[in-house]
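The values are calculated or read from the model by the stated rules, or taken from the named source; none is laboratory data. Keep in mind the model is a prediction, meaning the values are calculated, not measured. Glycine gets a Cβ as well: all are built from the backbone with ideal geometry, and neighbour counts include every protein chain shown.
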Amino acid sequence: MSSLNKYKTLTLDKISIHTVKSQHPWIFSKRIEKSSKEFFPGDFIRLVDADNLYLGTGIFSGSKDLISIRVFAFESELTYELIKNRLITSIEKRLPLLVYTDSFRLIHGENDLLPGINVDYHSGTIILRYYSKSLYVFSRMILRALWNLIWNNPNWNLRIENAYIQAPKRIGKNNIQFLNSFRVVRGNKHEYIKIRYRDINYLIKPDMQKGGIYNDIRNLRDYLWLHKSYVYEKNILNLFSNNGLLSKCLVNLGAKKVYSIEDSKECIDVHNLNSAKNPKEIIIKKNLFTEYEEFAKQLDFKYDLIIIDPPSLTASAKDKPKAIIIYKKLISISLGILAKDGILILCSCSNRIHTNEFENISKIAFSENEVKMKRLDRLKNEIDHPILNNFPEGDYFKVHIYKKL
Ligand SMILES: C[S@@+](CC[C@H](N)C(=O)[O-])C[C@H]1O[C@@H](n2cnc3c(N)ncnc32)[C@H](O)[C@@H]1O
């Protein structure tokens with residue numbers, strides 16, 4: 001980064017100039033088709049306009065990738081100092097969370113101005129995931145910088161013992177997953193990490209989906225902590241329960257019984273490991289897209305609280321109509337097994353369905369089933385999942401809370 005004169009230069013077209021000037025970090029491959037042959041994945045590219053005026057610096061990912069350049073510096077030069085200050089800002093933003101948890105997203109990619117790079121902090125371990133192989137060298141540099149910063153700032157009270165890095169695996173054109181194993185960069189490999197959330201110590205498996213824990217839904221965990229009356233002595237259905245941390249919170253808040261349904265065996269194994277056969281926890285393996293209706297038909301009681309948090313249903317824009325049908329079906333079935341005065345919590349991480357649209361889908365499902373629902377709340381994003389105005393794609397997670405009248 002210090003020898004900027006070695007960078008290659010790209011003259012942007014009008015649309016990409018607008019993109020960079022509005023500080024959006026993605027330049028799509030179709031915008032730079034002609035020039036992309038001159039670049040190699042991982043190249044640092046100085047972006048200029050037709051008058052050779054400097055606009056920013058990005059990293060080239062490859063001509064076949066949908067996103068061809070991720071922009072890391074706008075207007076100012078890309079220097080180590082710039083990145084270091086960004087890391088410090090991101091870390092300091094998260095420090096208030098330490099009061100009640102030691103598990104959070106330390107760097108949230110585009111939303112922390114580090115596109116294509118996520119870093120989680122779990123109780124002394126940092127885990128970096130990069131979304132394009134082209135970002136490997138840069139990611140190693142970020143991980144090293146993070147390690148040194150945390151190590152040299154004991155006043156942050158962030159313990160640091162291990163650092164791992166996890167490489168991307170492309171599934172189709174739009175979908176990125178991660179290689180199951182991660183590389184240990186510092187410290188030792190631990191298959192499980194014990195994290196703390198309020199009065200709970202919980203084992204997570206960091207090589208699983210979303211790094212072993214969905215921390216964007218901390219907002220719902222916190223909300224229920226403040227609304228114990230929705231939980232205390234209630235029968236609760238937690239759909240798409242993942243590793244079961246949310247269910248465990250509900251049990252600790254005094255739920256009568258929590259039924260968790262999840263399809264991934266790996267998630268259920270982690271959930272079982274943590275629930276220690278607590279009779280208040282019923283863990284069921286089911287494909288909720290095909291088996292929920294049958295499950296609901298066989299019930300001889302109603303739930304007081306139902307939480308629905310399916311995986312993202314819109315990997316691409318063409319998936320949207322099908323996603324709407326799936327949301328409506330999940331809501332409709334749930335309305336039939338929700339008690340009067342019961343609470344329905346609808347979550348969505350499909351980034352192509354925005355919050356008002358999600359609310360409309362829910363309203364249509366309510367009226368088609370002739371059920372009156374009152375919206376109680378919409379939750380805000382967590383501080384470790386910031387949202388930037390110039391990056392609307394990052395505003396993906398919705399939690400809407402309703403009461404059955
Ligand atoms: C957004 S996550 C839910 C996170 C969870 N609410 C929590 O508190 O951590 C979606 C979950 O749905 C699960 N899943 C995906 N397809 C499923 C299916 N067909 N049936 C049941 N669960 C499924 C995934 O394994 C994942 O754990």
- Message: I'd like to know if segment 46-63 contains one or more residues that are surrounded by fewer than 20 Cβ atoms within 10 Å (Cβ to Cβ) and under 27 Å from the mean Cα position of the chain (by Cα).
- Response: yes
- In segment 80-96, which residues are closer than 10 Å to I107 by Cβ and not aliphatic (A, V, I, L, M)? R86, S90, R94
- Inspect all residues belonging to segment 157-168 and state whether any of them is polar (S, T, N, Q), modelled with pLDDT of 95 or more and outside the structural domain of E281 (by TED's automatic domain parsing). yes
- Item | Count of residues meeting criterion [aliphatic (A, V, I, L, M) and within 18 Å of the chain's Cα centre (by Cα)] in segment 117-142 | 5
- Message: Restricting to segment 219-239, and then to whatever is in a loop (DSSP other than H, G, I, E, B) and surrounded by fewer than 20 Cβ atoms within 10 Å (Cβ to Cβ), can you tell me which residue is farthest from the ligand (Cβ to nearest atom)?
- Response: E233
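Specify the residue that is nearest to the ligand (Cβ to nearest atom); the eligible residues are those in segment 262-311 that are in a helix (DSSP H, G or I) and among the β-branched types (V, I, T).
T290
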- Task: Considering only segment 190-213, state which residues are in a loop (DSSP other than H, G, I, E, B), within 11 Å of the ligand (Cβ to nearest atom) and surrounded by 20 or more Cβ atoms within 10 Å (Cβ to Cβ).
- Result: I213
- Item | Restricting segment 250-261 to residues that are surrounded by fewer than 24 Cβ atoms within 10 Å (Cβ to Cβ) and not small (G, A, S), the residue that is farthest from the chain's Cα centre (by Cα) | K256
- Message: With the requirement that a residue be under 22 Å from G42 (Cβ atoms) and crowded, with 22+ Cβ neighbours inside 10 Å, what does segment 88-109 give you?
- Response: I107
- Message: Here are the criteria: (1) within 14 Å of the ligand (Cβ to nearest atom); (2) in contact with a Lys or Arg (Cβ under 7 Å, 6 or more places away or on another chain); (3) assigned to a loop (DSSP other than H, G, I, E, B); (4) not polar (S, T, N, Q). Tell me which single one C347 does not satisfy.
- Response: (3)
- Message: Report every pair of residues separated by at least 6 positions or lying on different chains whose Cβ atoms are under 8 Å apart, first residue within segment 248-275 and in contact (Cβ under 8 Å) with a residue 40 or more places away in the chain, second in a helix (DSSP H, G or I) and away from the ligand (no atom under 13 Å from the Cβ).
- Response: K248/S275; C249/W225
